[in-house]
1. Arranged by the count of other C-beta atoms within 10 angstrom, fewest first, what order do 592, 190 take?
2. Quick one: Karplus J couplings for region 144-160, per residue in order, coefficients 6.51, -1.76, 1.60, θ = phi - 60°, nearest Hz, x for Gly and Pro?
3. Order these by the 10 Å Cβ neighbour count, fewest first: 547, 12.
4. Filter 525/617; 340/470; 567/605; 579/641; 201/264; 264/340 down to the pairs with a C-alpha to C-alpha distance above 20 Å, please.
5. Which FRET efficiency value, to the nearest 0.05, is calculated for residue 213 and residue 624 with the Förster distance at 60 angstrom and r the Cβ-Cβ distance?
6. Could you work out how much longer the chain between residue 513 and residue 156 gets when fully extended? Use 0.36 nm per residue separation minus the Cα distance between them, nm to one decimal.
7. Treat the count of other C-beta atoms within 10 Å as a stand-in for reagent exposure and order 195, 474, 621 from fewest to most.
8. Can you pull out the GluC sites (Glu not before Pro) in region 176-270 whose DSSP state is coil and whose Cβ has at most 16 other Cβ atoms within 10 Å?
Amino acid sequence: MADSSTRRRVKLYMLNEERQWDDRGTGHVSSAFVERLKGVSLLVRSETDGSILLESKIQPDTAYQKQQETLIVWSEGDNYDLALSFQEKAGCDDIWEKICNVQGKDPSLDITQDVIEESEDERFEDMPEVAHPIDLPSCELNKLGEISELFNSVLTSPIRREKLALVIEQDGYIKKLLDLFHMCEDLENMDGLHHLYDIFKSVFLLNKNALFEILFQEDVIFDVVGVLEYDPSQPQSAKHREYLQKTASFKEVIPFTNKELVYKIHQTYRVQYIQDVILPTPSVFEENMLSTLSSFIFFNKVEIVSMVQEDEKFLMQLFTSIMSDKSDDDVRRDLVFFLKEFCTFSQNLQPPNRDNFFKTLSGFGVLPAIEFILGLDDIRMKSAAIDVFSYIVEFSPSMVREFILKEGQNQEDDDLLINLVIEQMINDPDPELGGAVQLMGIIRLLIDPENMLATTMKTEKTEFLSFFYKHSMHVLTAPLYAITAEEKPSKDDYQTAQLLSLILELLSFCVEHHTYHIKNYIISKDLLRRVLVLLRSRHAFLLLCALRFMRRIIGMKEEFYNRYIIKGNLFKPVVEAFKANGNKYNLLNSAMIELFDFIRLEDIKSLCTHIVENHMKDLEHVDYVTTFESLKSLYEQLQDKLKDKTGFEGYVINTALSLRNNRFRRDQRALEEEEEIWFEQEDDVDDGENIVPMSDMLKPKLDSDFDQFDKIIGNRRVKDQSEMKDSPPARIINKTNSPINISLKSSPLTTSPVTSPERPNSPGSPGSPGRTGTPCPTPAGSPATPVREEKVNNTIQGKRPGLIGLVDYPDEDSDEEEEDNSDSALGPSPKRQRLAT
């Protein structure tokens, strides 16, 4: 039976054939389960179901190893290694003591010793990796097969790889093998050449930098390339040496004075060729065996960049030759290609060094050089210049913005660097617009406020964005306006649609990140109406881009945008496109339904009302979703709330607020709260020539609003006004408690006599100086309505029947009294002074 005191919690690991540790599970282990003739078994049971995870007999000749105080490791079979990881040190010590007791060894030792006495040779055979040295066969033709087998056998053992690399380096073994290569090549000994290929492939897989230094020496590297031409898996040998020596010739457009720099450039190119072309693609198990080769190339590139950067004379001559009108096109092209490769190497630098690198290039005029190249007609040079420009923008967009702002002070819009980039994007000759996509990303980086430095964020956001919208936005949107001048796109081929989709992608980005500038631009240029023309395109992806642009605008949930959409009836093309799509279950259908559903979920009242009142007839038949039915229900709820708040006094107030003309006389000195908020938040719109107040562009039509209100109230307005004649002015108390004077005039349809209310000590009442109340003439045959007369009088006298007091007439604050005081010699009354204040 097991001793419960020896049960310890452990995790069991097994080494699989790929030499990686595999977790077998967690359980409890005991060292005294089954007594047997040859020892005791280790038994590990699962904690969950009690099943046996491991049963291993402690053999006297098994070498156990204790590591890190909580780990016991041993081997069973050739590729079957086990490890027990204990949760506590005490548990590991307990099991280790049991193992040592079975083998009769000291438990203080980290590795148990074999009890059988062996000779020194037998010990070396059991542990060849630790003590046995590697003896290389002599370099002879008849031993190439033996050498190849030895080199391949050591690749699985890290220790033996170290020993072999050390022996090869010390004995000059590589040059001896290359001598055999020349001999085999002269004798056309293909078997020997194939063995040499395997040998040198194994040398590369040793992954040692010291060996690479030997292999890539100038007098050795071409022989190494020659050995790698004889791949046994290929029917014929390759011609790598011929390509490197003749075809891939090195051009020095501007001669280098530093010989070490020239050597590094040659070496790096050849080693890169060996890695990318000659050596086979490493397998899954060999992918990390060439990491040192990659590091060798990496550090070579860093050295090349550093040496070129320090040569100021060379850089000065480089940029001068690029921008010189006397330079030949072929020479300029080679210089631009060198600059591109030079900047590509700089990506290996650390951020501080890369910052110094681009600052150095900026000091020598790399941005004016790029601007000069983009103005040429050479497509290859433009492509290389764009690659260089992308490296600069990705690392330091602020430096590019600063340059653009400075040149904008002295140059015209057509010559600006950013406008040249936009024009290059628009005129990309590639049918798939590969270069245009790259340029779109560059422009987005330049106008992205998120990558602007914190110390200069305010300056860049205000100055650069204002500069961009003034000098460059019209260049970006020019193709859009040209194609959407009519009701349908004038040009609807695939390449044009691709270009417009990129432009819309940038505009959508602007809507999300440039709330102020893009809002002014959209409203002043009526941009959304032009974009919605693209809903008539035959390309589905362009329709989705246009719809996504509108969805982004509505998603901002700004009332300025909503008023602009309502005033321009911009949902009409959307509804028409929805109807044209029919009942197709596609992405366009889903995107449009999501747009309407967003308005419903976000409770955008103005857009909901506009859609229901103007477009519901075209949408109410859609019953496969509940979106439009819910929109209609939401609209009805809004109307019910509006009716609940309406009444005679509510009608008077709403009419007074909506009619801002001379229909009624009001106190010009009092501003309502709504008007104050409007003018406080009012933005100016730049239409390109004049600054137009946004309130003038979005001013509601008062007459139409008034007529619409009449439809809601019905004939009650006419009836109520007809019952009032020569009544004293009513003082309406608005939200800010500022009086609003309104004259309620009589109507020829008055059906009952109404006299002025009798108020003591007030002009206009009977018996007091001033106007006396006179009855209104009643048409013959018209019945009198005393109930209505009483209701009107009560309302005017401030009794407020049925409503909370929205109309209030304090006895000491009448319009007639103020008029008399204003004409007196004492000047305006204190009440007038308070109102004016």
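We did not get these values from a lab; they are worked out from the coordinates using the rules stated. Keep in mind it's a predicted model, so treat the numbers as computed, not measured. All Cβ positions, even for glycine, are placed from backbone atoms using ideal geometry, and neighbour counts span all protein chains on display.
1. 190, 592
2. For region 144-160, the Karplus-derived couplings read 5, x, 5, 5, 4, 5, 5, 5, 5, 6, 7, 5, 7, 10, x, 5, 6 Hz, x marking Gly and Pro.
3. Placing the least packed residue first, the sequence is 12, 547.
4. Checking Cα-Cα distances, 525/617; 340/470; 579/641; 201/264 exceed 20 Å.
5. 0.25
6. Computed gain between residue 513 and residue 156 is 122.9 nm.
7. Fewest-to-most Cβ neighbours within 10 Å comes out as 621, 474, 195.
8. Loop-located and lightly packed - 188, 218, 252.
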